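Inspection log for the structure reproduced underneath, given as structure tokens.
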């Protein structure tokens with residue numbers, strides 16, 4: 001399913017597997033395996049693929065089944081990123097807007113990515129439960145429950161769940177690029 005969406009978007013954009021490999025610095029054979037659902041990309045690899053195809057990462061993780069402006073608590077789309085300790089709930093109805101809002105859960109000691117990543121736009125995070133350290137451009141900020149941070153997401157950033165319980169946070173990103 002994930003691989004099929006990647007292949008469809010790649011073909012829609014008229015990009016060859018070799019060209020996608022060059023843009024992502026991943027091998028054509030690995031990308032071929034991903035497209036055939038024989039391999040699951042890491043969050044870092046999926047971000048590279050999404051960036052190369054000029055879509056938000058959630059484009060590949062969300063099923064598109066009509067539009068409703070209301071997102072009910074029990075109808076949130078739960079997204080698990082392959083090979084990641086992150087679980088997301090999409091709080092906006094779709095990714096066709098100028099902003100995406102999500103709630104995320106990160107296990108204690110886990111990080112949002114292997115290394116700091118950047119994307120165009122701005123981001124706001126509110127810590128709802130637990131605590132986090134967020135590295136933004138080499139400067140580390142500590143946030144506890146109720147704390148928030150607003151930053152330019154073009155600066156490489158990475159967050160780490162610190163403490164003994166899961167980190168739960170609300171994130172608003174514009175434009176949608178997660």
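Restricting attention to the range 110-126, the residues that are touching a helix residue (DSSP H, G or I) at 6+ places or on another chain (Cβ under 9 Å) and surrounded by fewer than 15 Cβ atoms within 10 Å (Cβ to Cβ) add up to 2.
Scanning the range 24-36 for residues that are surrounded by fewer than 14 Cβ atoms within 10 Å (Cβ to Cβ) and under 22 Å from residue 113 (Cα atoms) yields 25, 27. Residues in the range 142-178 that are over 15 Å from the mean Cα position of the chain (by Cα) and free of Cβ contacts under 8 Å to residues at least 40 places away in the same chain: 142, 143, 144, 145, 146, 147, 148, 149, 150, 151, 152, 155.
FYI, it's all coordinate maths here, none of it is from the lab. Source: prediction; values computed, not measured. When we count neighbours, we look across all protein chains shown, and the Cβ atoms used for this are built from the backbone with ideal geometry, even at glycine.
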